[in-house]
Amino acid sequence: MDLKLQHYINGEWVGADSDNTRRIINPFNQEVISVVPEGNESEAKTAIAAAREAFDNGEWTNTPATERGAIVKRIAELIERDKEELAYLESLDTGKTVEESRGDMDDIAGVFRYYGELADKDGGELIESPVPNSTSKVVHEPVGVCGQITPWNYPLLQASWKLAPALATGNTLIMKPSEITPLTTIKVFELIEEAEVPAGVANLVLGAGDTVGAELSSNTDVDLISFTGGIETGKKIMQAASVNVKKLALELGGKNPNIIFADTDFDLAVDQAMNGVFFHAGQICSAGTRLIVEETIHDEFVNALVQRVKKFKLGSGFEEATQMGPLISAEHLAKVEKYVETGLKEGATLAVGGSRPENPELQKGFFYLPTIFTGCTTDMDIVQEEAFGPIITVEKFRAEGEAVKLANDSIYGLAGGVFTNDIAKAERCAAKMRMGTVWINEFNLYFPHAPWGGYKQSGIGRELGRLGLEEYTETKHVFQNLKPEPLNWF
Ligand SMILES: NC(=O)c1ccc[n+]([C@@H]2O[C@H](COP(=O)([O-])OP(=O)(O)OC[C@H]3O[C@@H](n4cnc5c(N)ncnc54)[C@H](O)[C@@H]3O)[C@@H](O)[C@H]2O)c1
Ligand SMILES: C[N+](C)(C)CC=O
């Protein structure tokens, strides 16, 4: 593998300052893909100091926004140039099919291009001042030093949603990818170097959450922390970040409802309901794992799903016929298995799946069969908690209001879907669904122009879109008195 398997700090590739290393495992066969340095608080502190110095010296912040934007767009071009290598690395690291990884790389290049284009579009705004002989201007400025922490399921995609807007707006940053899937993030830092982002502006520290991640969250030289990951980690980061009242962006989990009305296009809804869950073996924050199906079509719908699911081809992400790869790790597989046990204990009915596959070729990988539970109710843990695997729970409803009530009965509020041919009904539901994204006759679609984020405990703030750029800015009001006079008060 022709990758610089190191940290990238202050424009230099550096090994660990201890003997610590981590083996990166292929989830398809448990082979060691590579060995990377395992950083700790010490590397994190060095990188934070470099990012602080690079921000305070003002070189990057004062680079004209058009130039910064051009560099960010250059990163997009380099990602397109190296798309095949990046897709290969992502599939090797995560187990997802290479076709999915290629799609991710297109999305990632699109994100860098979108924010590169936006970099010079904000010239501030003159607002009407109520004071005679004065001007009043609102400007956006970079926040400062940004800590960025990403998960393993979409390693580079989630990193791109943070790197591109932070760079475009003139911040400096320290990125910590998930310790189990760092490869594409390392590769993108090679491209960041090639695009000539100045030393110290973008830093990469490899390592675990409770060391490197905790340092980024609690260090008082970090002005903003942007985190994507699980809800419990998010709570810890929020607490740690309070030490200097950091700006905080949290993209957390989801348990996403998908409401299927009887008047929907049946085959389309079956197809989308499956795609909404089983891509990347269900390891998607916005997976539509809670199907809420109108009673009159419930049995037919479940039956159609079961027939389709039985034909899924599990296998290596590098084989063209493969539709679903393995789960990420032995630990995660055990978590998914536990949730299936929980579902059975809670009285849900197993319609299909519910075990590891028997195929001898899949025994070394962390595979789990696509699983559907029927007879589910909102008081079940299997309905309420994020299993983050290939599991669907099916609930029934009779009336529109009941469907929306079930959909909203969750601590989460990331995303949801509605399938119906009655557009007025779809819009009524969408208006009442307490989620950051609602899809109508669609599921799991995202693009750079539209904001992404959660209501309720699915997070704080937004990525993507203009809001995703604003997360990385402070807003300043500059008032100028053109004819100042003494107040003569004291
Ligand atoms: N809302 C979204 O857009 C979105 C997108 C992708 C994934 N997710 C969520 O991510 C979760 C799966 O990812 P995961 O298992 O990698 O999540 P995780 O919370 O275990 O880890 C995420 C990152 O946080 C780091 N971390 C762990 N403990 C930390 C600590 N104490 N301080 C600082 N950092 C720490 C990890 O090293 C990793 O880099 C799911 O809940 C999923 O829904 C959300
Ligand atoms: C945000 N998304 C859908 C790309 C990945 C969630 O896990």
Estimated distance in nm for a label pair at residue 431 and residue 122, the labels positioned 7 Å out from Cα along Cα-to-Cβ: 3.2 nm
Given +1 on the Cβ of Lys and Arg, -1 on the Cβ of Asp and Glu, and no further charges, what dipole in debye does the chain carry about its Cα centre, rounded to the nearest 20? 860 debye
Work out, step by step, the length gained on full extension between residue 474 and residue 349: first 0.36 nm times the residue separation, then minus their alpha carbon distance; give nm to one decimal. 39.9 nm
Residues residue 138 and residue 81, FRET efficiency given R0 of 56 Å [Cβ-Cβ distance, rounded to 0.05]: 0.90
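What part of the accessible area of the chain, given as a whole %, is carbon or sulfur when the probe is 1.4 angstrom? Before the final figure, lay out each step's value.
On the way: 10220 of 20430 Å².
In the chain, the share of accessible area belonging to carbon and sulfur is 50 percent.
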Proximal lysine pairs, region 14-132, alpha carbons under 27 Å, eight or more residues apart or interchain: 4
Starting from the alpha-carbon convex hull of region 257-440, give the projected area averaged over all orientations, in nm². 9.9 nm²
Out of 25, 164, 353 - ranked by how far each Cα lies towards the positive end of the dipole of the chain, with unit charges on the beta-carbon of charged residues - the top one is 353
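Please give the length that would be gained between residue 244 and residue 307 if that part of the chain were fully extended, namely 0.36 nm times their separation in residues minus their C-alpha to C-alpha distance (nm, one decimal).
Values: separation 63, 0.36 × 63 = 22.68 nm, distance 5.44 nm.
Length gained, residue 244 through residue 307: 17.2 nm.
Compute the Rg to Rh ratio over the chain from the alpha carbon atoms, using the Kirkwood formula for Rh, and round to two decimal places. Before the final figure, lay out each step's value.
On the way: Rg = 23.9 Å, Rh = 23.7 Å.
Reported Rg/Rh, Kirkwood definition of Rh: 1.01.
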Working out 0.36 nm times the residue gap between residue 300 and residue 2, then minus their Cα-Cα distance, what length gain in nm do you get to one decimal? 102.2 nm
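Based on DSSP H runs of at least 4 residues, each adding -39500 (n - 2.57), what is the mean residue ellipticity at 222 nm of the chain after dividing by all its residues, to the nearest 500 deg cm²/dmol?
Working: 15 runs with 182 residues, N = 490.
The helix-only estimate for the chain comes to -11500 deg cm²/dmol at 222 nm.
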Amide H of residue 365: which non-local residues (sequence gap of 5 or more, or other chain) have their own amide H closer than 5 Å, using H built in the peptide plane? none
Round to the nearest 10 and give me the degree value, 0 to 90, for the angle of helix 155-168's Cα axis relative to the longest principal axis of the chain. 20 degrees
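Can you work out the accessible area per residue across region 273-320, with the rest of the protein chains kept in place, probe 1.4 Å, in square angstrom?
Values: 1880 Å² over 48 residues.
On a per-residue basis, 39 Å².
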Charge dipole of the chain about the Cα centre (unit charges at C-beta), most positive-ward option of 322, 133, 234: 133
Between residue 483 and residue 62, what's the calculated FRET efficiency when r is the beta-carbon distance and R0 is 25 Å? Round to 0.05. 0.20
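The values are calculated or read from the model by the stated rules, or taken from the named source; none is laboratory data. What you see is a predicted model; the values in this text were computed from it and never measured. Don't worry about glycine lacking a Cβ; one is built from the backbone with ideal geometry, like all the others, and counts go over all protein chains shown. What goes into the accessible areas is simple: the full protein's heavy atoms, side chains included, and nothing from ligands, DNA or RNA. Shrake-Rupley method; radii C 1.70, N 1.55, O 1.52, S 1.80 Å.
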